[in-house]
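J.: Mind looking over this structure? Questions follow.
The values are calculated or read from the model by the stated rules, or taken from the named source; none is laboratory data. Here the structure is a predicted model, which is why all the values come from computation and not from measurement. Cβ sites come from the backbone with ideal geometry, for glycine too, and all protein chains shown count toward neighbours.
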Amino acid sequence: MPIISIPALGLRLSADADENLLKVLRRHRVPIAWSCKRGECGTCKCLVERGEVALSGYQPQALPASQREQGLVLACSSRVVGDVQLRLVDSDDFIEHPRRQLRCRVLELCELAPEVFSLRLGILDTGADAAPFMFSAGQYAHLKARKADGLWVGRDFSMAGTPVRAEYDGELEFHIRRTPDGAFSGLLGRGIVPGTELQLEGPMGTAHFRPRHEGPLYAVAAGTGLGPMLSLVETALDNGKTDVVALYAGFRDVAEVYGVERLAQLARRHANFQFHVVVEFDAGSGMRAGRVGDALFADAHDFASGKFYLAGSPAMVDAVGRQLLERGVAPGDVHADSFRAPAVQRLAGN
Ligand SMILES: Cc1cc2nc3c(=O)[nH]c(=O)nc-3n(C[C@H](O)[C@H](O)[C@H](O)COP(=O)(O)OP(=O)(O)OC[C@H]3O[C@@H](n4cnc5c(N)ncnc54)[C@H](O)[C@@H]3O)c2cc1C
Ligand code: FES
């Protein structure tokens, strides 16, 4: 009689030979989600850590080949053929937007705060047959611009607009801090102006919105980390999330603060949304003083059932991520993108 072990739940279950895997799991009341039971929706994904199952009769979009290679299977489409060790997974963690290379044109460049720009792009490859650009809120793309010497320079930037905007209107937005000697950002307003053509490769990144999660959502941003966090909370609220959605936007000083009107509008539309503008030095009225992580931890929160999304400077992301884990938040509930500069060797060649 084959044995199915699930170490994370301390379970060893007996199955009949050739029995449907989802049936065994349901028979033993294992907390696995399912929906279509026909290999079409991908809800019943689980990871085979040891052994094998016989998988057949499913739709490729429910389990793309790349996920199959990682050991994921669909329980509803698997037969038990021997002892097997499983791990239940959150199917939200496995998204599959094809990575694309696209041409874009700068529609608008506007200064949100001194040296912080909103870069709005229109996707050019949008003929009748062209598939829309799809990403999950919180992801990033690699943007490339042509310098005056004709060479291309590229850096990673997180989408600040919503996926819906990209998919239906072919429009993308990024929030970018300009450093005068920055190989890419230094071109903003100089080589990168309305009408300039840029190249984009993406989407990339795993710190994206998990729509199936039930419980409070906390988004913590430092500086232009506000871009992807805005995209993420807007998407969550537009998706009808009714749990608390809280955004903590951290800035070094009051001159850096931006995005407050967009946040206030969201708060007016959604009673479950709250935001905190946290300024380290000389906070103005309506702002909180101190570090953004300290503000998060000062508020009484239901850390046990929350999900946390972090974006911005590596110092903030590392510190807040570490403190969350120290407070018992599971690693699978902390999703972070730190805006690390590229390695020095890449910088040299740009
Ligand atoms: C996943 C991800 C998402 C990101 N999202 C965003 C975002 O949404 N918004 C955003 O503003 N940023 C984001 N970043 C950061 C962004 O990719 C760039 O690293 C950042 O904008 C710096 O690029 P730059 O062109 O300004 O400067 P760079 O030319 O890359 O230089 C960075 C700094 O290093 C210095 N420097 C230049 N050359 C060298 C060298 N040879 N050796 C040592 N130091 C050097 C420069 O003075 C400059 O201050 C993200 C990064 C990652 C990894
Ligand atoms: S329940 Fe839909 S794929 Fe298994």
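J.: Can you find even one residue in the stretch 176-185 that is in a strand (DSSP E or B), over 29 Å from LEU263 (Cβ atoms) and either within 16 Å of ligand 2 (Cβ to nearest atom) or at pLDDT 95 or above (or both)?
T.: Within the stretch 176-185, none of the residues are in a strand (DSSP E or B), over 29 Å from LEU263 (Cβ atoms) and either within 16 Å of ligand 2 (Cβ to nearest atom) or at pLDDT 95 or above (or both).
J.: Within the stretch 33-61, restricting attention to residues that are under 11 Å from LEU21 (Cβ atoms) and not β-branched (Val, Ile, Thr), which residue is modelled with the lowest pLDDT?
T.: TRP34
J.: Only one residue in ARG120, ARG79 is assigned to a strand (DSSP E or B), surrounded by fewer than 22 Cβ atoms within 10 Å (Cβ to Cβ) and within 16 Å of ligand 2 (Cβ to nearest atom). Which one?
T.: ARG79
J.: Oh, and also: Determine the pairs where a residue that is more than 6 Å from ligand 1 (Cβ to nearest atom), located within the stretch 175-187, has a partner that is of a type in the set (Gly, Ala, Ser) and not in a helix (DSSP H, G or I) with Cβ atoms under 7 Å apart, the partner being 6 or more residues away or on another chain.
T.: Matching pairs, first to second residue: LEU187/ALA145.
J.: Then there's this: Restricting attention to the stretch 281-301, does a residue exist that is within 22 Å of ARG212 (Cβ to Cβ), more than 16 Å from ligand 1 (Cβ to nearest atom) and aromatic (Phe, Trp, Tyr)?
T.: No, the conditions are met nowhere in the stretch 281-301.
J.: Still on this structure: Could you figure out which of (1) among the small types (Gly, Ala, Ser); (2) outside the structural domain of LEU121 (by TED's automatic domain parsing); (3) assigned to a loop (DSSP other than H, G, I, E, B) isn't true of GLY225?
T.: Unmet condition: (3).
J.: Picking from THR196, THR242, which residue would you name as being in the same structural domain as PHE308 (by TED's automatic domain parsing) and more than 16 Å from the chain's Cα centre (by Cα)?
T.: Exactly one of THR196, THR242 is in the same structural domain as PHE308 (by TED's automatic domain parsing) and more than 16 Å from the chain's Cα centre (by Cα), namely THR242.
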